[in-house]
Amino acid sequence: MHPNPAFRQVPRAAMVAFAGERGFGTLAVNAAPAPLLSHIPFFLDEEGNVAELHLVRSNPIVPLAREGVPAVISVSGPDGYISPDWYGLDGQVPTWNYIAVHLRGILEPLPEEELPQLLDRLSAVFEARLAPKPAWTRAKMATAAFERMLRMILPFRLRVEAVEGTWKLSQNKPEAARLAAADGLEQGGFGMETSALAAWMRRGGA
């Protein structure tokens, strides 16, 4: 997380809501000779206390997590390059604005019999965003096909112990400079979801 306190004033509830809405992140676990990463969808409860997920049985994180292991899910939001020319101020330097949330806690296995219900919750959350399309459910799969899939994956949860976030949106600049940078980013910038990032910059935070 960025050390500047100007970028770390977002309430926990806003960070939890953002991470839950994204529903996708990078799971990281310490290991030898290097950390292990896995890119995962997840279901985060409204309080931000538990994130549910599943991993392929062959994932090298699985044996490390059988007894519980410290882990973090990094959730990235929009990001973009910020040119100092956009501020209209002297003595500025290039930077990169972004939103990120880290969910830290203990990754532990769930009983395998809970896997179907975990998958139901996960698909229901994402399918609901596609309304009015009729929601996909596992009832649309042949039972044998669904059972084959279950044998390939395992259920886990992250018991969240800390939520950390960075909303780096040029809050440390005068308002006119921040708004000008948002315009520059939206009109000719680059990054990921630059229009969304510019909207956040205009709001000045969460």
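Laboratory data are not the source of any read-out in this text; all were calculated from the coordinates shown. Note that the structure is predicted; figures quoted are calculated from it, not measured. Neighbour counts run over all protein chains shown; Cβ positions are idealised from the backbone, glycine included.
Helix-only mean residue ellipticity at 222 nm, the chain, DSSP H runs n ≥ 4 weighted -39,500 (n - 2.57), per residue, nearest 500. What is it?
Rounded to the nearest 500, it is -9000 deg cm²/dmol.
Taking neighbour Cβ counts within 10 Å as the exposure measure, how do Val72, Val62 sort from fewest upward?
Listing Val72, Val62 from fewest to most nearby Cβ atoms yields Val62, Val72.
In Å, what Kirkwood hydrodynamic radius results for the chain from the alpha-carbon pair distances?
By the Kirkwood definition, the hydrodynamic radius is 18.9 Å.
For segment 74-140, which trypsin sites (Lys or Arg not before Pro) are both in a DSSP coil and crowded by at most 13 other Cβ atoms within 10 Å?
Answer in residue order: Arg129.
For segment 100-204, what D do you get in µm² per second when you plug the Kirkwood radius from alpha-carbon pairs into Stokes-Einstein at 10 °C and 1.306 mPa s?
89
Charges only on Cβ, +1 for Lys and Arg, -1 for Asp and Glu: so what's the dipole of segment 1-88 about the Cα centre, in debye to the nearest 20?
For segment 1-88, the charge dipole is close to 240 debye.
What size of dipole, in debye to the nearest 20, comes out for the chain about its Cα centre when the only charges are +1 on Lys and Arg C-beta atoms and -1 on Asp and Glu C-beta atoms?
I would put it at about 220 debye.
Would you kindly calculate the translational diffusion coefficient of segment 10-132, applying Stokes-Einstein with the Kirkwood radius from alpha carbon pairs, for 37 °C and a viscosity of 0.692 mPa s, and quote it in µm² s⁻¹ without decimals?
Numbers: Rh = 16.6 Å.
Here the translational diffusion coefficient equals 198 µm²/s.
Under 14 Å Cα to Cα from Lys168, which aspartates and glutamates show up? Leave out anything in the same chain fewer than 8 places away.
Within the straight-line cut-off, Lys168 pairs with Asp79.
Could you list which residues have their amide H under 5 Å from that of Ile153, counting only those 5 or more apart in sequence or on another chain, with H placed in the peptide plane?
Those qualifying (amide H under 5 Å, at least 5 residues apart or on another chain) are Arg57.
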